[in-house]
2 protein chains.
Amino acid sequence: MLLSLEILTEQMRRLPGVGNKTALKYALSILEMDEMQAQAFVSAVESARRNIRRCDRCFNLSEGICCSVCEDASRSDAQICVVEDARAVMAMERVSGYKGRYHVLEGVISPMDGVGPDDLRICELLERVNAQLAAGECEVIVATNSTVEGETTAMYLTKLLKPLGAKVTRLAYGIPVGADLEYADEVTLGRAIEGRREI
Amino acid sequence: MLLSLEILTEQMRRLPGVGNKTALKYALSILEMDEMQAQAFVSAVESARRNIRRCDRCFNLSEGICCSVCEDASRSDAQICVVEDARAVMAMERVSGYKGRYHVLEGVISPMDGVGPDDLRICELLERVNAQLAAGECEVIVATNSTVEGETTAMYLTKLLKPLGAKVTRLAYGIPVGADLEYADEVTLGRAIEGRREI
């Protein structure tokens with residue numbers, strides 16, 4: 001294969017979930033773009049990387065010093081929703097009526113990948129929670145994913161946050177709305193029974 | 001969503017087969033790259049586009065004026081394998097013992113997409129075949145895909161090439177090696193019966 005094409009294919013493989021065949025398909029489609037399209041493609045990468053940074057306060061993606069959520073004065077400081085990454089913030093913002101703040105950990109505790117608590121934004125979270133508790137009440141909603149790593153991180157955070165006096169909550173796990181009981185996996189069904197509510 | 005991120009996501013959607021969610025995933029992964037990775041990514045796109053052109057003779061991808069197949073003096077000029085795109089050349093080169101030349105059409109006849117014969121490298125193919133026939137024999141192996149458009153193109157080419165005196169052949173269609181008869185679709189099985197050979 002041509003050297004430049006090989007290098008481009010190798011770079012396309014860096015995108016998440018992309019294997020050899022897809023990477024080659026992407027590389028060839030980039031070669032087939034007309035000049036204007038290709039320039040738009042490259043400059044989108046460059047300007048996104050130049051313009052987007054992490055919010056100083058919650059580490060959400062932001063084009064300024066603070067992100068739009070942190071800058072919104074109408075939102076409550078008394079609730080901090082802790083998520084793994086900016087994608088989770090987007091998902092929450094897309095659907096929920098949540099009106100508190102966020103805190104992006106930038107990962108989860110994962111000894112297998114060499115990620116410990118010090119690699120995450122946990123210190124900054126404790127500072128924020130302490131500052132908020134000095135001003136009044138504080139609820140921390142732990143919304144890490146329900147993977148082993150996400151649960152480990154949630155437990156770790158709970159152990160740190162409860163002694164400070166914060167209220168720590170976790171998102172509800174259960175049967176997805178619209179799904180059939182029959183097709184729910186055992187763990188989810190177990191959680192749904194555990195978390196049952198009086199009606 | 002942030003404007004720069006929206007633009008980047010829109011550009012990622014340009015890659016073939018990429019929908020909204022995957023495009024966002026790619027865009028976020030590009031933001032998460034470190035500076036060196038991102039530079040390598042962008043410069044791979046730029047240098048591939050700068051260095052790779054179409055071969056003057058067969059329109060295969062090439063880093064020089066002629067591609068490596070056309071420059072290989074040990075290959076036979078008497079066979080020209082006609083394919084839709086450079087990916088097909090790569091597939092043929094990967095597996096086959098084919099020692100002739102190629103001709104990349106850069107597409108197939110597709111009235112639905114507004115692609116007619118004049119949009120393809122058919123004129124250039126006729127010139128090559130005529131030149132080769134003046135020097136000796138010429139077999140044109142039509143290796144367009146077995147889609148409606150590929151078959152239409154193959155028929156169109158056959159009608160043009162036969163009167164010139166060229167031998168026109170088509171790749172064999174049949175049961176893939178290792179596959180079970182039971183699972184072959186009817187069209188493939190029909191073609192396999194049609195193309196049966198004495199043993």
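The values are calculated or read from the model by the stated rules, or taken from the named source; none is laboratory data. Worth saying up front: this structure is predicted, and the values here are computed from it rather than measured. Positions of Cβ are backbone-derived with ideal geometry, glycine not excepted, and every protein chain shown enters the neighbour counts. Heavy atoms of the whole protein, side chains included, go into the accessibility calculation; ligands, DNA and RNA do not. Shrake-Rupley method; radii C 1.70, N 1.55, O 1.52, S 1.80 Å.
So, in nm, how far is label A:Leu133 from label B:Lys159 when the simple model puts each one 7 Å beyond its Cα toward the Cβ?
Simple spin-label model gives 8.2 nm for this pair.
How far is the Cα center of segment B:23-82 from the Cα center of segment B:88-137, in Å?
Measuring centre to centre over Cα atoms gives 19 Å.
Remind me, what semi-axes does segment B:118-199 give for its equivalent ellipsoid, largest first in whole Å, using sqrt of 5 times each Cα gyration tensor eigenvalue?
On the way: eigenvalues 182, 47, 17 Å².
Values for segment B:118-199, descending: 30, 15, 9 Å.
Among A:Leu164, B:Gln11, A:Thr188, whose Cα projects farthest towards the positive end of the dipole of the protein assembly as shown, with charges put on the beta-carbon of Lys, Arg (+1) and Asp, Glu (-1)?
B:Gln11
Need one number: buried accessible surface between chains B and A, 1.4 Å probe, both sides summed, DNA, RNA and ligands left out, in Å² to 100.
Looking at B and A, the buried total is near 4100 Å².
So if each residue of separation counts as 0.36 nm, and I subtract the Cα-Cα distance between B:Glu182 and B:Ser76, what length gain in nm does that give?
On the way: separation 106, 0.36 × 106 = 38.16 nm, distance 3.96 nm.
34.2 nm is the gain from fully extending B:Glu182 to B:Ser76.
What share of the DSSP beta bridges in chain B is antiparallel, in percent to the nearest 5?
Of the beta bridges lying entirely in chain B, close to 20 percent run antiparallel.
Which residues, if any, in segment A:65-113 have at least 50 Å² less accessible area in the whole protein complex than in the isolated chain, probe 1.4 Å?
With the partner chains in place, segment A:65-113 has these residues losing at least 50 Å²: A:Arg87, A:Met90.
Per residue, what accessible area does segment A:1-123 have, given a 1.4 Å probe and all protein chains present, in Å²?
Using a 1.4 Å probe on heavy atoms only, each residue of segment A:1-123 averages 50 Å².
Give the shape of segment B:4-78 as rounded, prolate or oblate, defined through the alpha-carbon gyration tensor: a ≥ b ≥ c are the square roots of its eigenvalues, a/c under 1.5 means rounded, and otherwise the shape is prolate if a/b is larger than b/c and oblate if not. Numbers along the way, then the final one.
Values: a/c = 3.86, a/b = 2.40, b/c = 1.61.
Verdict is prolate for segment B:4-78.
Considering only DSSP beta bridges with both partners in the protein assembly as shown, what is the antiparallel share in %, to the nearest 5? Intermediate values should be presented prior to the final figure.
Working: 6 of 30 bridges.
Around 20 percent antiparallel, to the nearest 5.
Quick check: from the Cα gyration tensor, does segment A:94-160 come out rounded (a/c under 1.5), prolate or oblate?
oblate
Treating each Cα of segment B:53-105 as an identical point scatterer and ignoring solvent, apply the Debye formula and state log10 I(q)/I(0) at q = 0.27 Å⁻¹.
Taking Cα atoms of segment B:53-105 as identical point scatterers yields -1.15.
How large, in percent, is the carbon and sulfur part of the accessible surface of chain A at a probe radius of 1.4 Å? Kindly include the intermediate steps, with their values, before the conclusion.
Numbers: 6040 of 11540 Å².
Carbon with sulfur: 52 percent of the solvent-accessible area.
Could you work out the percent of alpha carbon pairs in segment A:1-146 separated by over 28 Å, rounded to a whole number?
39
Considering only segment B:37-147, what is the antiparallel percent among its DSSP beta bridges, to the nearest 5?
25
As an exercise, use a Förster radius of 56 Å and the Cβ-Cβ distance of B:Asp56 and B:Glu194 to find the FRET efficiency, rounded to the nearest 0.05.
0.90
Relative to a virtual label point 7 Å from the Cα of A:Thr169 in the Cα→beta-carbon direction, which members of segment A:50-87 show backbone nitrogen distances below 17 Å?
Label zone hits: A:75-83.
Compute, for segment B:50-199, the length of the dipole vector about the Cα centre, with Cβ point charges of +1 (Lys, Arg) and -1 (Asp, Glu) only. Units Debye, rounded to 20.
460
Between their Cα atoms, which of A:Lys99/A:Lys167; B:Lys99/B:Lys167; A:Lys21/B:Lys159 are more than 26 Å away from each other?
Pairs exceeding 26 Å: A:Lys21/B:Lys159.
Let me know the charge dipole size of the protein assembly as shown about its Cα centre in debye, to the nearest 20, where only the beta-carbon of Lys, Arg (+1) and Asp, Glu (-1) is charged.
140
Would you kindly work out the equivalent ellipsoid of the protein assembly as shown from its C-alpha gyration tensor and give its semi-axes, the square roots of five times the eigenvalues, largest first in whole Å? The partial results should precede the final answer.
On the way: eigenvalues 651, 135, 60 Å².
Each semi-axis is √(5λ); the values are 57, 26, 17 Å.
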